[in-house]
Amino acid sequence: GAYPDVFYRLVLTEPHRVTISASLTPTTAAPYVSLMGECGVSTTEIACGSGATATITRNFLDTGTYYIAVDGNAESPLTLNVTLDAPVYPPANDTCAGAEDVPATGGIISGTLLSASDHYIPACAGAARYPDAFYRLVLTEPHKITVTAQLTPMTAATYVSLATACGVPATEIACVGGSTATITRNFLDTGAYYIAVDAST
């Protein structure tokens, strides 16, 4: 909708966990709050919230300048609350540079997407931009492999992809989504492979 809006600038000189909430008076009006990297540029939007009290929480927001837009379906007074806390840092394998090595014998790996950002869009995820984590599998001889990824609890869609180069869509060999996402390859030759795990939460 073409709603009235106002803008605020947030300058972080160090990383923080950031919670932003906006409400309108009267509370029957609907507020919307948006966090973006460039003011008024929707393609730089990092997060958006709506509801009786529109809220955004980012566990990790790096140093830099950000912009907050507050929209409402009525021209009314607003309250904006911005809380800065100690950051929850992203996992080391949030990017390809930090891809975690899979043990040579395989096994179960516990990881996290908490505070992770989106760096790759698996083919099976469509255009959705979800947080992701990366793993590297090095085979010194051919194998049949099975890769399974799931969240705990299994409350959201999970996507797992297998590629020969990290973060390069053209090298993706397989991609599967589901509450439990599983890739099976009956033959995988020697070499290095990269696994990306994405999820909608």
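The values are calculated or read from the model by the stated rules, or taken from the named source; none is laboratory data. All values derive from a computational prediction rather than experimental measurement. Neighbour counts run over all protein chains shown; Cβ positions are idealised from the backbone, glycine included. The accessibility values were calculated without ligands, DNA or RNA, using every heavy atom of the protein model including side chains. Shrake-Rupley method; radii C 1.70, N 1.55, O 1.52, S 1.80 Å.
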3J(HN,Hα) from dihedral phi, the stretch 54-63, Karplus parametrisation 6.51/-1.76/1.60, rounded to Hz, x for glycine, proline: 6, 10, 10, 10, 10, 5, 9, 10, 6, 4
- request: If a cysteine in the chain has no other Cys Cβ under 4.7 Å from its own Cβ, put it on the list, ordered by number.
  value: C39, C48
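Calculate what fraction, in whole %, of the accessible area of the chain sits on carbon and sulfur atoms when a 1.4 Å probe is rolled over the protein chains. Show your work: numbers first, answer last.
Values: 5530 of 10760 Å².
Of all accessible area on the chain, carbon and sulfur atoms account for 51 percent.
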field: Cα shape, the stretch 78-131, gyration tensor, a/c 1.5 rule
entry: oblate
- request: In nm, give the distance between the simple-model label positions of L139 and S200, each being 7 Å from the Cα along the Cα-to-Cβ direction.
  value: 3.1
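Heavy-atom accessible area per residue, the stretch 62-123, 1.4 Å probe: how many Å²?
Details: 3550 Å² over 62 residues.
Normalised by residue count, the accessible surface of the stretch 62-123 is 57 Å².
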task: Please work out the C-alpha center-to-center distance from the stretch 14-48 to the stretch 54-102 and express it in whole Å.
output: 9
message: 7 Å from Cα along Cα→Cβ at both A128 and C39: what's the point-to-point distance in nm?
response: 3.5
